[in-house]
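What follows is calculated from the coordinates using simple rules that are stated; it is not laboratory data. Fair warning: this is a prediction, and the values are worked out from it, not measured in the lab. Backbone-built Cβ (ideal geometry, glycine too); neighbour counts: all protein chains shown.
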Amino acid sequence: MSHRRIPKRKAVLAGAGAVAVAAAAVLLPQANASQSGENDAPARAEKLDPAAAGRLVSRMADQLGEDYAGAYYDRDKRQLVVNVTGDDSDAAARVREAGAVPRGVKNSMSRLTSATATLRTRATIPGTAWAVDPRTNQILVTADRTVTGGKWNKLESAVRALGEGTARIQKSAGEFKPFAEGGDAIFAGGSRCSLGFNVTTRDGRPGFLTAGHCGVAADKWSDSAGGAPIGTVEAATFPGDGDLALVTYDDPATQAPSTVDIGDGRQVRINRAAEAAVGQEVFRMGSTTGLNSGSVTGLNATVNYPEGTVGGLIQTDVCAEPGDSGGSLFTRDGSAVGLTSGGSGDCASGGETFFQPVTTALAAVGATL
């Protein structure tokens with residue numbers, strides 16, 4: 001995310017066009033291959049772009065109530081699949097009427113939510129994480145390479161106690177940690193993070209969002225190593241109910257464009273904040289590894305970092321490395337989705353990465369894009 005004044009010679013390109021020009025190897029268009037022989041989607045199911053699917057998820061959750069058990073975006077078919085519990089034909093009909101695909105599942109959302117609360121009580125072990133995976137209708141529990149011996153046995157016991165078919169465990173080759181090393185790089189002392197999205201505070205001042213673990217590391221941040229501070233931390237949360245920070249620019253006249261700097265003098269214009277949807281294609285920009293892409297794999301994720309537990313995150317398979325913390329997670333159509341928190345692995349071997357939702361970050365600090 002650009003946090004400096006942008007020279008006029010830099011062209012601001014919108015959405016997919018900017019991304020495709022800047023990083024064609026990363027952002028190859030998704031093939032809409034024919035699903036010959038598969039006709040499990042009702043004829044009324046609409047073709048949706050990710051942004052429209054995300055908006056429909058929120059409506060379905062409200063309309064279905066206890067019958068709602070999560071949803072995910074099928075990128076190949078460009079359809080939203082909505083999980084419904086039991087044999088309530090009325091709920092399935094409402095899903096079809098809304099233009100989505102109903103799918104009957106065993107686990108209700110309340111059961112899965114209760115299971116995550118149980119895990120937080122019984123399995124808050126550094127190096128573990130869990131999130132609801134609507135594609136399998138289970139809780140996906142991930143353990144990094146530090147979870148061995150007694151810690152592994154404790155985790156397995158906690159998952160078994162949830163009941164058959166409620167949760168499953170996968171191993172990660174890396175180690176969960178915030179991606180701070182000390183969009184655009186920001187610096188404070190020996191720390192380096194990334195700017196997420198420029199915002200306007202509730203009192204009209206320019207500012208930006210970044211990771212909370214960056215915000216608690218230092219009060220003043222610069223846009224160059226060893227440079228003069230350009231911003232002051234106004235609010236920061238980490239660990240706890242999120243990983244977010246609001247930094248206000250010290251100069252109230254700072255021009256803070258709503259764009260993400262994706263390199264080579266190009267930007268993607270940010271049009272809105274949006275909720276993530278499982279299966280959705282997303283792109284991450286960070287000061288260490290630049291532009292990378294992947295998919296959302298889980299929502300309302302909890303991560304047990306060595307520094308403490310953080311909840312309410314987005315889980316993805318987008319790679320990241322130290323210094324990428326706070327960087328932007330966004331979509332082709334210019335929707336701001338998340339702020340890089342942490343994870344495991346790197347951009348050579350891959351791994352899991354977690355993001356603070358932008359929507360909840362904006363609400364927590366009272367800012368707007």
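A few remarks follow.
- Electrostatic bookkeeping for Leu162 treats Lys and Arg as +1 and Asp and Glu as -1; over the other residues with beta carbon under 15 Å from its beta carbon, the sum is +4.
- Likely footprinting exposure, Tyr305, Tyr73, fewest C-beta neighbours within 10 Å first: Tyr305, Tyr73
- The charge dipole of region 109-171, taken about the Cα centre with unit charges on the Cβ atoms of Lys, Arg (+1) and Asp, Glu (-1), comes to about 100 debye, rounded to the nearest 20.
- ³J(HN,Hα), Karplus 6.51/-1.76/1.60, whole Hz, each residue of region 330-336, x for Gly, Pro: 8, 10, 4, 8, x, 8, 7
- Convex hull of Cα atoms in the chain, direction-averaged projection (nm²): 18.6
- Approximating the spin labels as points 7 Å out from Cα along Cα→Cβ, the Thr148-to-Arg96 distance works out to 5.4 nm.
- Going from the fewest other Cβ atoms within 10 Å to the most, the residues Arg122, Arg94, Arg332 appear in the order Arg122, Arg94, Arg332.
- Convex hull volume of the Cα atoms of region 240-369, normalised per residue: 115 Å³.
- Restricting attention to the chain, the count of lysine pairs at 8 or more positions apart or across chains with alpha carbons under 18 Å apart stands at 4.
- Space enclosed by the convex hull of the alpha-carbon atoms of region 45-160, per residue, Å³: 109
- Amide hydrogen neighbours beyond the local backbone of Ala301, cut-off 5 Å, H modeled: Gly312, Leu313, Ile314, Gln315
- Label reach from Thr113 (point 7 Å along Cα→C-beta): in region 69-102, amide nitrogens under 13 Å belong to 69-70.
- As a calculated quantity, the FRET efficiency between Asp219 and Asp76 at R0 = 41 Å, using C-beta atoms, amounts to about 0.30.
- Counted charge near Met109, where neighbours are those whose Cβ lies closer than 10 Å (Asp, Glu -1; Lys, Arg +1): -1
- The magnitude of the dipole of region 50-105, with charges of +1 and -1 set on the Cβ of Lys/Arg and Asp/Glu and taken from the Cα centre, is near 400 debye.
- One quarter of the surface of the convex hull around the alpha-carbon atoms of region 50-105 equals 3.3 nm², the direction-averaged projected area.
- Square roots of 5 times each gyration tensor eigenvalue, C-alpha, region 187-235, largest first, Å: 18, 11, 9
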